[in-house]
Structure formats: structure tokens, C-alpha cells
Amino acid sequence: MTRTLPSQYVTDKNLLSNTAPFVWLFECRVDDDNAIRVCRYTADVTWSGNVYEAYPIEFDFLSASTDDETHTATVTIGNADEQFLTNLNANNGLVDKVVKIRWVNTNDLATTTNVPEWHFEIADCTVTREAIVWQLGALDVFSRQCPHRFFNRGHCGSQYGSACCGYDTTRALALPSCDKTWDDCVKHGEDEAANNLQRNHPAMWGGFRGIPMPRQ
């Protein structure tokens with residue numbers, strides 16, 4: 001997430017006349033498969049492979065303190081067509097979801113992915129006949145699992161057959177399963193060697209054997 005304007009952006013925004021306007025993009029992911037993407041512009045915008053629908057949007061100025069801490073903001077999206085109500089009603093107004101706000105130049109939509117970007121969390125949602133109003137706040141870091149995965153001495157956390165696992169489950173005569181233990185990972189390495197393949201296991205094991213055993 002970058003908030004520093006690229007040098008070319010600074011030059012372009014200071015021009016007295018600019019044929020390539022800047023556009024604000026708003027993205028809120030509903031789930032793994034769905035996201036709301038809208039833009040403050042007169043036409044739909046395609047950026048980084050996604051289409052942002054043109055909507056009447058009003059929002060506060062984005063500001064940050066000297067230590068780069070993002071403050072609150074309010075976003076108002078026109079609701080005349082009620083297109084987003086299904087997602088809002090099914091997900092508590094998308095409260096606690098992350099909203100990503102980006103500032104892009106229409107000249108660079110096809111070539112630039114590293115653009116100024118701000119992340120907020122939806123703290124409250126109000127829906128009227130005319131508009132959807134999101135109260136945005138800073139991300140609640142205390143609600144995030146950290147670290148994002150568990151560290152286990154005797155159990156591998158990688159999904160069997162994934163890139164992190166490194167075992168090719170699609171080849172003929174591949175072992176059908178794994179019990180995620182060190183001994184079974186060694187067994188998978190022996191299977192690789194027996195089939196004249198590069199032996200990736202147990203080097204790819206996703207457990208942490210260096211964690212001390214609990215004292216009795």
C-alpha cells in the first residue's frame with residue numbers, strides 16, 4: 001500500500017490543463033468470490049483487470065497524521081438503483097469489511113498498478129432510499145490473527161498437493177493422502193526418490209520441529 005504520489009502524478013496534477021483526469025476507485029470485497037467496485041467518474045473504469053462502475057460518490061478528504069496513521073472518513077454512494085442492497089442486507093451492511101481507496105490517472109489504467117492507496121474498515125453503515133453511507137475508520141489490528149498461521153511442532157500446516165506442500169499429487173501412482181506428520185513427509189520423499197523424481201521431502205515439511213517440547 002503506497003500513499004506517496006509518483007513523481008509523474010505530481011507533475012500531471014499541477015498542469016493547468018489536463019486531458020487525462022484522475023479518478024477515485026473504491027473496492028470492498030464481500031467474500032472470496034464477490035466484491036463491490038465503484039468509481040467516482042462519468043464512465044466505468046477498468047483497472048488491474050477489474051471493472052469499477054461509475055457512481056455518484058461523495059467522500060471526505062483523506063488525511064493522515066505525521067506517523068502515517070489514517071483517520072476516519074465518510075463515503076456516500078448513490079443508491080437509486082438499489083444494486084448493492086442484497087450484499088448489504090446479507091452482510092450486516094459490510095461492517096468490519098475492508099475498503100480500499102485508490103487514486104489513478106486515466107492515462108495509466110493499462111500500465112500502472114502501483115498507485116496511491118488507502119485502507120479503511122467499515123465502522124458503520126446507513127442505508128436510505130437515496131444513498132448508502134459508510135463510516136470508515138482505521139483498520140482494527142486487534143481483530144486480525146497475528147501471526148496469520150499457526151506454528152505447530154508436530155503437524156504440517158500446508159495443504160496437501162499445494163505449491164507450499166510441493167508434492168505432485170496429480171502424477172500416476174502418487175500417494176493418495178498425507179497425515180501431515182514428519183514421518184509421513186519422509187515417506188513422501190522416499191516415494192519421490194523411488195520414482196526418480198527430485199526429492200523435495202521432508203525439506204518442504206510445513207511444521208516447526210525446533211519448537212521445544214512442553215516440560216512435564
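Would you point out the residue of region 32-45, among those that are in contact (Cβ under 8 Å) with a residue 40 or more places away in the chain and under 18 Å from the mean Cα position of the chain (by Cα), that is farthest from ASP81 (Cα to Cα)? Among those that are in contact (Cβ under 8 Å) with a residue 40 or more places away in the chain and under 18 Å from the mean Cα position of the chain (by Cα), it is ASN34. For region 199-212, the criterion of being of a type outside the set (Val, Ile, Thr), within 30 Å of the chain's Cα centre (by Cα) and either at pLDDT below 85 or surrounded by fewer than 16 Cβ atoms within 10 Å (Cβ to Cβ) (or both) is met by at least one residue. Return yes when VAL99 is modelled with pLDDT of 90 or more, within 12 Å of LEU136 (Cβ to Cβ), in the same structural domain as ILE122 (by TED's automatic domain parsing) and not in a helix (DSSP H, G or I) and no when it is not. When the stated conditions are applied, VAL99 passes them. Out of the residues in region 71-94 meeting the condition of being under 13 Å from VAL30 (Cβ atoms) and touching a residue at least 60 places away in the same chain (Cβ under 8 Å), tell me which one is surrounded by the fewest Cβ atoms within 10 Å (Cβ to Cβ). So, considering only residues that are under 13 Å from VAL30 (Cβ atoms) and touching a residue at least 60 places away in the same chain (Cβ under 8 Å), the one surrounded by the fewest Cβ atoms within 10 Å (Cβ to Cβ) is ASN91. Scanning region 182-198 for residues that are within 11 Å of GLY166 (Cα to Cα) and either surrounded by fewer than 15 Cβ atoms within 10 Å (Cβ to Cβ) or not assigned by TED's automatic domain parsing to the domain that holds CYS156 (or both) yields one hit, GLN198. Just to be sure, is THR2 hydroxyl-bearing (Ser, Thr, Tyr), outside the structural domain of GLU121 (by TED's automatic domain parsing) and either surrounded by 12 or more Cβ atoms within 10 Å (Cβ to Cβ) or modelled with pLDDT under 85 (or both)? Taking the combined requirement at face value, the residue satisfies it.
Is region 139-148 home to any residue that is modelled with pLDDT of 85 or more, in a loop (DSSP other than H, G, I, E, B) and surrounded by fewer than 10 Cβ atoms within 10 Å (Cβ to Cβ)? Even if it seems obvious, please write down each step before you answer.
First, the residues of region 139-148 that are modelled with pLDDT of 85 or more: none.
No, the conditions are met nowhere in region 139-148.
Of the residues making up region 88-127, just one is among the polar types (S, T, N, Q) and at positive phi, namely ASN92.
The values are calculated or read from the model by the stated rules, or taken from the named source; none is laboratory data. These figures come from a predicted structure and were not determined experimentally. Note: ideal-geometry Cβ built from the backbone for every residue, glycine included; neighbour counts use all protein chains shown.
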